[in-house]
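Peer 1: Attaching a single structure in structure tokens format; questions to follow.
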Amino acid sequence: MATTSKTKKIKNNRNLFFSGVAVLTFTNVLNKVVGMLFRIPISNILGDSGMAYFNAAYHIFVWFYMISTGGLPLAVSILVSEARFRGNREEIKRIYSLTMKMFIVIGTLGTAVMMLLSHQFAFLNGVAGSYLSIIAVAPTLFLVCVASAMRGYFQGFQEMRPTAVSQIMETLGKLLMGILLALGARKLGYGLEVQAACAIAGLTIGTAFGMLFLFISKLRFHEEEYAIEGAVGGGKISGGREILRRLLVIAIPITVSSSIMSLTTMVDDMIINWRLMSIGYVEEYANALYGNYTGFAVPFANLPPALIYPISYSLIPLLKGTLTLGDSKRSAEICRSCLRVTAIVALPCTLGVSVLSEPLLKLLYNAESSELSAPKLSVLAISIFFICMLSISNAILQAYGRQNKPIISLVSGSVVKIMLSFVLIGIPAINIYGAPISTVVCYIICTVLNVYFMAKYTDVRPSVFVTFVKPLIASAVCVGGAFGMIRLLSGYLPSKAVTLIAIAFAAIIYVIVLFTIRGVERDDILMLPKGAKIYAGLQKARLVK
């Protein structure tokens, strides 16, 4: 009976999809919050200059990670999902075995390159002292490659819990071990370069814990409990070469897409320091500006998209399944609903972070760093909506077999970003603000091109008014309410309490206005776990028709 129950959920897709989204959303938000909290003691230990070493090494690691893995976990999940729908468990085993070997080789080579060329990467990044941090984080690449193979396997079964738990373990390991090691290095009298290396070594240790958990979860995983009802079973088992070919056909375009933005960020990092020094800033001050921007404004702007990435992550296997079954109408409905949910989440976050950047930063960081970061965050926050829409549109295009199209979008946006950064940062009156401005323009271009490709190659035709205009109206009202609440209560209560009250007030206003103007549709609610009961309750409250 247990097996039948799980099978029905998988065939229905509704509860399983949003349960997976809920688990990953909670995990992503927790990881982002913990990651931001991690930066409070780390930034206090390292300072803005030390954070420059930390961030420079981390960005290089992310680029290597994107190149080494990129679309491979997603490709693994798609192949596993297809074999699962056919009931071919032997092919699933072959897929997992082949991809695990591949990831081990890739991770080993990537780690070796990072270590052997650490000095060269540090020099190219414009932060020469970051080479120790690059060496310290290099083993993480091997560990995360092995973990990615297992995460792709679990995603193919639409089982997101092992991924979620392992990510939490990675984040907590980074937080605890990173702080302890950095404090230890400072107590022993080492310089900022060593302290930063010790701080980022916490990520390596945390990733090792996460990989170990995934390995144990794989040993305890029972594939038969996730069998698809009606699947014939057996069938021809693809050979290793055929599996590898299919894997690369899916993975290479996605990997290229993923690595483009990481490479762009790395090039942008080099441009920031070089251009700041070219207009007269000394290296130490340029590093401090760079560290403040990348250590405070950028992580905060990346927090809202963490609410959307789980939708993209869970959408592809679900959408691929419905397309495999030939249900194009249902596929389009799923896409439209996901776009609406994305806009409902992203628009208030975009306006809220842009307008309330300083009080929001002061909730987590010290006043001096927050005041310096706030104007840059106000500009950068505009990109939040476009990053979220880019994530969903990428997922839709990939599920529809148009993996190459996001590459065009991302290359176009990246070229413009690099050129704009070079020009704008070199203008003394703009300086560091050229970085967030170019980022916003980049994501606008990427999103517009993706929407064009989506309209051309898919059946997805969302209503602009319902999907975007209604949430925008509700967002403007709620942010206006939050701003007014802060103005009203300032001077009567502590600033952090005022900010929290304003956020709660804005959230209530947003929900009320959104339902009042019918910004949420019936299908959006019914896709939720227990959606029918939720919809019935909203009907009684006269919030929906």
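Peer 1: Here is a check on your reading of the model: is residue 206 closer than 21 Å to residue 63 by Cβ and either surrounded by fewer than 21 Cβ atoms within 10 Å (Cβ to Cβ) or free of Cβ contacts under 8 Å to residues at least 40 places away in the same chain (or both)?
Peer 2: yes
Peer 1: Would you check if residue 99 is more than 23 Å from residue 37 (Cα to Cα), in a helix (DSSP H, G or I), touching a helix residue (DSSP H, G or I) at 6+ places or on another chain (Cβ under 7 Å) and polar (S, T, N, Q)?
Peer 2: yes
For every residue, the table says whether it meets (1) buried (at least 21 other Cβ atoms within 10 Å of the Cβ); (2) among the β-branched types (Val, Ile, Thr); (3) modelled with pLDDT of 85 or more.
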position	(1), (2), (3)
67	no, yes, no
78	yes, yes, no
86	no, no, no
89	no, no, no
95	yes, yes, yes
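Peer 1: I'd like to check something: does the range 400-413 contain any residue that is aromatic (Phe, Trp, Tyr) and under 18 Å from residue 298 (Cβ atoms)?
Peer 2: no
Peer 1: Could you list, in sequence order, the residues of the range 84-96 that are touching a residue at least 24 places away in the same chain (Cβ under 8 Å) and part of a helix (DSSP H, G or I)?
Peer 2: 84, 85, 86, 89, 90, 91, 92, 94, 95, 96 - these are the residues of the range 84-96 that are touching a residue at least 24 places away in the same chain (Cβ under 8 Å) and part of a helix (DSSP H, G or I).
Peer 1: Of all residues being in a loop (DSSP other than H, G, I, E, B) and within 26 Å of the chain's Cα centre (by Cα) in the range 155-207, which is farthest from residue 25 (Cα to Cα)? Just the residue, please.
Peer 2: Filtering the range 155-207 for residues that are in a loop (DSSP other than H, G, I, E, B) and within 26 Å of the chain's Cα centre (by Cα), the one farthest from residue 25 (Cα to Cα) comes out as 157.
Peer 1: Can you tell me which residues in the range 166-211 are more than 27 Å from residue 284 (Cβ to Cβ) and of a type in the set (A, V, I, L, M, F, W, C)?
Peer 2: Selection gives 168, 169, 172, 175, 176, 177, 180, 205, 208, 209, 211.
Peer 1: List, please: which pairs have Cβ atoms under 7 Å, are six or more places apart or on different chains, and start with a residue in the range 497-516 that is among the polar types (S, T, N, Q) and end with one that is outside any helix (DSSP H, G or I)?
Peer 2: Listed by first residue and then by second, the contacts come to 499/363.
Peer 1: Kindly indicate which of 285, 293 is aromatic (Phe, Trp, Tyr), surrounded by fewer than 19 Cβ atoms within 10 Å (Cβ to Cβ), modelled with pLDDT of 85 or more and over 22 Å from residue 106 (Cβ atoms).
Peer 2: Exactly one of 285, 293 is aromatic (Phe, Trp, Tyr), surrounded by fewer than 19 Cβ atoms within 10 Å (Cβ to Cβ), modelled with pLDDT of 85 or more and over 22 Å from residue 106 (Cβ atoms), namely 285.
Peer 1: Now a separate question. If you take the residues of the range 224-259 that are modelled with pLDDT under 75 and among the charged types (D, E, K, R), which of them is nearest to residue 89 (Cα to Cα)?
Peer 2: 224
Peer 1: Another question about this same structure. For the range 89-104, enumerate the residues that are under 25 Å from the mean Cα position of the chain (by Cα) and not hydroxyl-bearing (Ser, Thr, Tyr).
Peer 2: Listed by number, the residues that qualify are 100, 102, 103, 104.
Peer 1: If only one of 325, 307, 319, 364 is modelled with pLDDT under 85 and under 17 Å from residue 507 (Cβ atoms), which one is it?
Peer 2: 307 is the lone residue from the list that is modelled with pLDDT under 85 and under 17 Å from residue 507 (Cβ atoms).
Peer 1: Considering only the range 1-40, how many residues are modelled with pLDDT of 60 or more and among the β-branched types (Val, Ile, Thr)?
Peer 2: 8
Peer 1: Checking residue 490 against (1) surrounded by fewer than 20 Cβ atoms within 10 Å (Cβ to Cβ); (2) more than 27 Å from residue 414 (Cα to Cα); (3) of a type in the set (Ser, Thr, Tyr); (4) in contact with a Lys or Arg (Cβ under 8 Å, 6 or more places away or on another chain), which single condition isn't satisfied?
Peer 2: Against the list (1) surrounded by fewer than 20 Cβ atoms within 10 Å (Cβ to Cβ); (2) more than 27 Å from residue 414 (Cα to Cα); (3) of a type in the set (Ser, Thr, Tyr); (4) in contact with a Lys or Arg (Cβ under 8 Å, 6 or more places away or on another chain), residue 490 comes up short only on (4).
The values are calculated or read from the model by the stated rules, or taken from the named source; none is laboratory data. Values in this document were obtained by computation on a predicted structure and should not be read as measured data. When we count neighbours, we look across all protein chains shown, and the Cβ atoms used for this are built from the backbone with ideal geometry, even at glycine.
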